[in-house]
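Participant: Here you go, one structure.
Just so you know, all these numbers are worked out from the coordinates, no wet-lab data involved. These numbers were taken from a predicted model, which means no experiment stands behind them. Glycine also receives a Cβ, built like all others from the backbone with ideal geometry; neighbour counts cover every protein chain displayed.
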Amino acid sequence: MHLFRVRLILALIASVILVSVGSTYFDVRSIEPEIENALATEDHATLPGLTDLLKRGTGALALAIYDQHGQMMASSGPQEVLGALAHSPVEKALQKGAQVDVFSHAQHWQWLEEASPIHNGNQLEGAMAIVVDAGYIRNEGVALWRRSFWRIVALVILIVAITFAMVRWFLLRPMSRLAERLRQLRTGHDEKSAGAVAELGLFSPLAREVETMAESLKAARAAAAAEARLREAGDRLWTAERLAIQIQNHAGSSRIFVVSNREPYMHVRRGREVVCVVPPSGLVTALEPVLRACDGVWVASGSGDADSTVVDEFDRLRVPPDEPRYTLRRVWLTEEEEERYYEGFSNEGLWPLCHIAHTRPIFRAGDWECYQKVNQKFAGALLEEMRDSEEPVVFVQDYHLALVPQLVKKARPDARVAIFWHIPWPNPEAFGICPWQAELLDGLLGADLVGFHIPLHCNNFLATADRVVESRTDREHMTVRRHGHTSLVRPYPVSVAFDGMARRAPSIGDNPDRERAAERDRLLSRFGVRAERLALGVDRLDYTKGIVERLEALGQFFEDHPWYRERLTMVQIAAPSRTRIPSYAELHLRVEEEAQRINSLYQTAHWKPIVLIEEQQNHDEVGRWYRAADVCLVTSLHDGMNLVAKEFVAARDDEDGVLVLSKFTGAAVELRDALLVNPYDIAGVSDAIYGALEMNPAERHEQMRRMRRQVMEFNIYLWAAKVLGDLREVRPEGADANRVPPSEDAATETPAKQTA
Ligand code: G6P
C-alpha cells in the first residue's frame, strides 16, 4: 500500500510538472515575438499593457542625432548599441515626419529605438533616436518562470491532495472495509451492519460476492459448531447436515417433491430491478435442507409480480438463486383463482373454520369449485414433475391443498404422500359446519401420513374422520383406514432452526444488560421514544393473533400500574397479511384505533405506551427486537403452533427475557416455562405482563435456559426428519390401492356415525 501511494504521488507530480512547464515555456517564448510584433505594427491597443511594459524600461541607453539626410551627427551611449542601430526607423521618421518605434536586439542587449523627427517651425531639420533599454522583457520572462514555478508547486500540492483524498475515499476506504469484512469472516467475528454493501461504492459487486461467501462460511461454521454440540449432546441434536445425510442415506432413488401454496423464493420488481425475496415463512428453513440434499422439486404458486420473467419454458427455475440446488416449479393462478381459492375458500372458509377465534367462516359454492380446480392444477403440475421419478416422496403443505394427496395418490399409487396441516384441527362439531367436510377428509385421507402440530389436533382429526366418513379409525395406533388405504395420523410440532435466530456476531458482551439497554435505546429512538423496559409483539396482522386483546391488556396494565407509565413501551410489529379480505381490513382499523386510544390516554413528549410498526420486518431486524425485549407477548386466540414464541426463545442467547404465551397455541404444549395466559382474560394478561417485568433475574434465566434446551433439541430439522422418517416406513400399496374397497375391507370399516 505504501509503495502504491509513493508511486501514485510521483506519477501525479511528474505529470503536473510536465504539463505546467510545457505551457510556461510556450508562454515565455511567445512574449518576445508578441512585443516585437506589437511594436512593429504599432498596435499597442490590441495588446493592452504591452506599452506600459515597455515604458517600464530602466531609461535611455543611447542617444543619436541625425541630419535631414539621416546622417548621424552626434551620439552618446555604448558602442555595441550605437553600432547596431538600424537606419530604417530614422529614415521612416524623416519621411513620415512622425515618431517611429522599432524593437531590436544584439548580443545580450535588447532595446527600443524611438526615432522622432526634429522640426524647426515647419522645416524638418533632422531626427533624434532615443534608445531605451528593453532588457526588462527578458527579466519579465524570468519572473514569469518564477511565478510559474510557484504556480506549479501550488498546482502539484492541490492535485495530489485532491487525488489522494479521492483515492482514499473511493478506493482505500472501501478496500479496507472489504479487508475488514474478510478479516471478520476469517476470525468468525461477523459484525456486518445493514447497508454495508451499499457503502462500498465501486466494490459493491465484489462485496456482494463476499457476502454470499460469508453466508456459506457461516453455514459451514454453524454446521461444524452444531456437529460439536451434537457429539456433546450424544447425537440428540438435529442439524441441516444431519438431515441431509439421513435423506441421502435413505431416499435411495426416490426424489422428494414438496408442494405448497406459498413459494420459497419470490421475484418482485423494485423500480427497474427484479429482486428475489424469501416470503416470511418458517417452512423454507425446514424444507430447504431436504430438497437440497436430494435435488428435489418444490411446486408452488408464483405470486411475485416478476415471477414469470425468470422461469424457463416449463415454468421452472433453480434455487436458491445464489447457490442453485433444487428446482422450483411455479404454478400460475388467475386473478379469479386468487380470489376464490386463496382468499375465499382457504382464508375466509377453512382458516376461521379451524381457528376458534369467533370469526364466522364463509363458505361459497363458487369458492369451493375453484378450490377443487386449483388443487387439480397443483396436482397436475406435481404429476408432470414426478413423471420420471420412481416411488417419489411427496410432501404437501397446509390447508390450501387438502385435495392434493388424493389426486396424486390416484394417479401415482407408488408415491409416498404426506400432508402437514399447519393450523389447528378443531373438534368434529366445529369442523362440521363446512358443507364439504367429507370431500376434504377424502382428499386428506389420500395421504399415507397426515401430520398435525400436537396430539389434540390429531385426536380431533381422528374423531372427525370417525364421525364424517365411512372408515375404520384406530385411536390407539392413530390410523384411519378408508377405501382400503391406511393413513397414519401423527403429531410433529413444527419448530425453528435454533441457530437461525442466533445473533450474527458472537457479541454477548461482559455486560449483557447494558448491551441490551443500548440496543433497545437505539431501536426505540427511531420512533422518538425513550423507555426503560420493552415489551414486544410480532405477528401477521391476523385476527387469530389476539392483537387487539393484547393492546387492551396493555391499556389495563398502565391503568393498574401507573408507575410503569413513561417506563415501559410495547412495540407491536404487525405485518400486513391477506389485506383484500374484509375481516383483515377491519382488524387493521381496530388495531390502529386501539393503539391510538391507549397512546392518547398516556403518551408524553418523549414516550408512548405503544409503537405500532405496520410493515414486514426482515429476519435480522426482528432478531434485534427479540434480543432487546424484556417481555415477548404471544397472545393468539388460537394458533396451530406459533413460531414467534420459539423464535424469541432461540434468539435469546443471553438466556434472559420472559415469554408470555397464550395457552391456546401449540407452542404452549412444549414451552411450559412461559407465563401461560388466557388471551381473553384481559386482567390476567395485564397481571402476566406485570409478573414478567417484576420476575427476579435468577428465575428468568432458569426458565429461559429450559425453554432454549427444548427448542434447540426439538428443532425444525428434527421435525422434517421425523415426518420423512415415518413416511419412509410406509409401504406404497401398489397401483390398486385406491380403488373402491374390496368387500372385506368394507366390512371392517364402520359407517359414519353422523354427518355433523
Ligand atoms: C400460516 C399458514 C401458512 C401461510 C402463512 C402465511 O402460517 O399456515 O400456510 O403461508 O400463514 O399466510 P399467507 O396467506 O400469507 O400465505
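Participant: What is the projected area of the convex hull of the Cα atoms of segment 255-312, averaged over all directions, in nm²? Display every interim value, and only then the final one.
Facilitator: Numbers: hull surface 17.0 nm².
About 4.3 nm², averaged over all directions.
Participant: Continuing with this model, one more query. Roughly how tilted is helix 512-525, in degrees to the nearest 10 and between 0 and 90, from the longest Cα axis of the chain?
Facilitator: Helix 512-525 sits roughly 70 degrees off the main axis of the chain.
Participant: Output the Cα-based Rg and Dmax of segment 350-456 in Å, rounding Rg to one decimal and Dmax to a whole number.
Facilitator: 14.3, 46
Participant: Determine the equivalent ellipsoid of segment 526-713 by diagonalising the alpha-carbon gyration tensor, then write out the semi-axes as square roots of 5 times the eigenvalues, largest first, rounded to whole Å.
Facilitator: Gyration-tensor ellipsoid for segment 526-713: 23, 20, 16 Å.
Participant: Which trypsin sites (Lys or Arg not before Pro) does segment 507-596 hold that lie in a coil by DSSP with at most 10 other beta carbons within 10 Å?
Facilitator: 526
Participant: Same structure again: How far is helix 582-602 tilted off the main Cα axis of the chain, in degrees rounded to 10, range 0 to 90?
Facilitator: Taking Cα atoms only, the helix is inclined about 70 degrees.
Participant: While we're looking at this one, here's another question. Name the GluC sites (Glu not before Pro) in segment 384-431 that are in a loop by DSSP and that have at most 16 other C-beta atoms within 10 Å, would you?
Facilitator: Counting only loop positions with at most 16 other Cβ atoms within 10 Å, the GluC sites (Glu not before Pro) in segment 384-431 are 390.
Participant: Another question, if that's okay. Filter 218/545; 545/646; 373/646; 377/545; 409/722 down to the pairs with a C-alpha to C-alpha distance above 24 Å, please.
Facilitator: Pairs exceeding the cut-off: 218/545; 373/646; 377/545.
Participant: Residue 579 versus residue 600, label points 7 Å from Cα toward the beta carbon: distance in nm?
Facilitator: 2.4
Participant: Given 4 °C and 1.567 mPa s, how large is the Stokes-Einstein diffusion coefficient of the chain in µm²/s, with Rh as the Kirkwood radius over Cα pairs?
Facilitator: Values: Rh = 32.7 Å.
Calculated translational D: 40 µm²/s.
Participant: Put a dot 7 Å past each Cα toward the Cβ at residue 275 and residue 216; how far apart are the dots in nm?
Facilitator: Placing both labels 7 Å along Cα→Cβ, they lie 2.4 nm apart.
Participant: Between residue 69 and residue 105, what FRET efficiency follows from the Cβ-Cβ distance if R0 is 45 Å, with the result rounded to 0.05?
Facilitator: Calculated transfer efficiency: 0.95.
Participant: For residue 155 and residue 384, FRET efficiency with R0 = 51 Å and r from the beta-carbon atoms, rounded to 0.05?
Facilitator: After rounding to 0.05, the efficiency reads 0.10.
Participant: Mean 1/r over all different Cα pairs, inverted: what Kirkwood radius does segment 251-491 give, in Å?
Facilitator: Computed over Cα pairs of segment 251-491, the Kirkwood hydrodynamic radius comes out at 18.4 Å.
Participant: Each label point is 7 Å from the Cα along the Cα-to-Cβ direction; what then is the distance between the points at residue 13 and residue 314, in nm?
Facilitator: With each label placed 7 Å out from Cα toward Cβ, I get 6.7 nm.
Participant: Please determine, in degrees from 0 to 90 and to the nearest 10, the orientation of helix 455-468 with respect to the longest principal axis defined by the Cα atoms of the chain, where the helix direction is its Cα long axis.
Facilitator: 60
Participant: Now for a different question. Name the residues whose placed amide hydrogens come within less than 5 Å of the amide hydrogen of residue 61, ignoring near sequence neighbours (fewer than 5 apart) on the same chain.
Facilitator: Amide H neighbours of residue 61, under 5 Å, 5+ apart: 131, 132, 133.
Participant: Hey, another quick one. What's the whole-number percent of alpha carbon pairs in segment 567-617 lying beyond 17 angstrom?
Facilitator: Beyond 17 Å sits 39 percent of the P(r) for segment 567-617.
Participant: Please report the antiparallel percentage of DSSP beta bridges with both residues in segment 251-491, rounded to the nearest 5.
Facilitator: 40
Participant: Amide H to amide H, which residues 5 or more places from residue 298 or on other chains are under 5 Å from it, using H placed in the peptide plane?
Facilitator: 258, 327, 328, 329
Participant: What does DSSP give for the chain in terms of the percent of beta bridges that are antiparallel, rounded to the nearest 5?
Facilitator: Numbers: 46 of 93 bridges.
Here the antiparallel bridges make up roughly 50 percent for the chain.
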